[in-house]
Amino acid sequence: MHPATTETVLYRARYALWVQLVAIGVVALLAVIMVQANLTWYREGRGPTPLTWVVSVALIAGPAVILLTGLRQSFTVTDQRLIITGAFRTRRIGWQQVRSIEVDRRLLSRGATVVVLTDGCTVHSPITAARVAIRRGEQTVDHGPDLLHPARPTQAARAAHRRHLIAR
């Protein structure tokens, strides 16, 4: 029997609590508006009809699904691996698979952490981009004046990768 190995989380980038609360507030506000609209139609004797209920549920569920899948994103650095969670996919990348950690230079994802794998593939993490820094509770200035300096996510990943290379 093998002893259980525990991972130590060294850094985690995800949306800040205030962003999550705003998203929940938006969905709750939509729900209140839709319920109020259906109650108004009921009092006026015009409904609610099955169509108004379907439209109401769609107008609540659509934004809720979009917001909640978007808020799912995270970038986690542990002593054993990187865990990059996107809206629809989670990648667990062991340090032995990582060739290097770079900073994205593309305009819309400038400053984001890019993981270059040993097979040459790259894995991008949108949550680590400079334009998302405030929404994850960090400062944009950490990315430097041109937004191309390695900020906290990139620095944490590089430090953990360096530790892995030294320990090999």
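Rule-based calculations on the coordinates, nothing more; no lab input. Fair warning: this is a prediction, and the values are worked out from it, not measured in the lab. Cβ sites come from the backbone with ideal geometry, for glycine too, and all protein chains shown count toward neighbours.
Seen from D119, the other residues with C-beta closer than 15 Å to its C-beta sum to a net charge of +2, counting Lys and Arg as +1 and Asp and Glu as -1.
Applying the Karplus relation 6.51 cos²θ - 1.76 cosθ + 1.60 with θ = phi - 60° to region 117-122 yields 3J(HN,Hα) values of 8, 5, 8, x, 5, 10 Hz, where x marks Gly and Pro.
Neighbour counts of other Cβ atoms within 10 Å put E44, E138, E7 in the fewest-to-most order E44, E7, E138. For helix 50-71, what angle does its Cα long axis make with the longest principal axis of the chain, in degrees from 0 to 90 and rounded to 10? Relative to the chain, helix 50-71 is tipped by roughly 20 degrees. The residues packed around R163, meaning those with a beta-carbon under 14 Å from its beta-carbon, carry a net charge of +2 if Lys and Arg are +1 and Asp and Glu are -1.
Under a 5 Å amide H cut-off, with hydrogens placed 1.01 Å from N, Q80 pairs with T8 among residues at least 5 apart or on other chains.
When the charge dipole of the chain is built from unit charges on Cβ atoms (+1 for Lys and Arg, -1 for Asp and Glu) and taken about the Cα centre, the candidate among W53, T122, I66 whose Cα reaches farthest toward its positive end is T122.
Labels on offer are (i) -0.51, -0.84, -1.07, -1.15; (ii) -0.35, -0.79, -1.11, -1.22; (iii) -0.46, -0.86, -1.07, -1.14, and the one holding log10 I(q)/I(0) by the Debye sum over Cα atoms at q = 0.10, 0.15, 0.18, 0.19 Å⁻¹ computed from this structure is (i). What do you get for the angle between helix 17-43 and the principal long axis of the chain? Use alpha-carbon atoms, 0 to 90 degrees, nearest ten. Computed tilt is about 10 degrees.
The phi-based Karplus calculation (6.51 cos²θ - 1.76 cosθ + 1.60; θ = phi - 60°) puts the 3J(HN,Hα) values of region 101-109 at 10, 10, 10, 5, 9, 5, 4, 6, 10 Hz, whole numbers, x for Gly and Pro.
Counting neighbouring Cβ atoms within 10 Å and putting the fewest first, the residues L59, L51 line up as L51, L59. Under a 5 Å amide H cut-off, with hydrogens placed 1.01 Å from N, S100 pairs with V116 among residues at least 5 apart or on other chains.
Charge dipole (Cα centre; +1 on Lys/Arg Cβ, -1 on Asp/Glu Cβ; no other charges) of region 13-168 amounts to roughly 400 debye. Our note on the geometry: Cα centres of region 82-118 and region 3-62, 30 Å apart. All other residues whose Cβ lies under 15 angstrom from that of H149 are scored, Lys and Arg at +1 and Asp and Glu at -1, for a net of 0.
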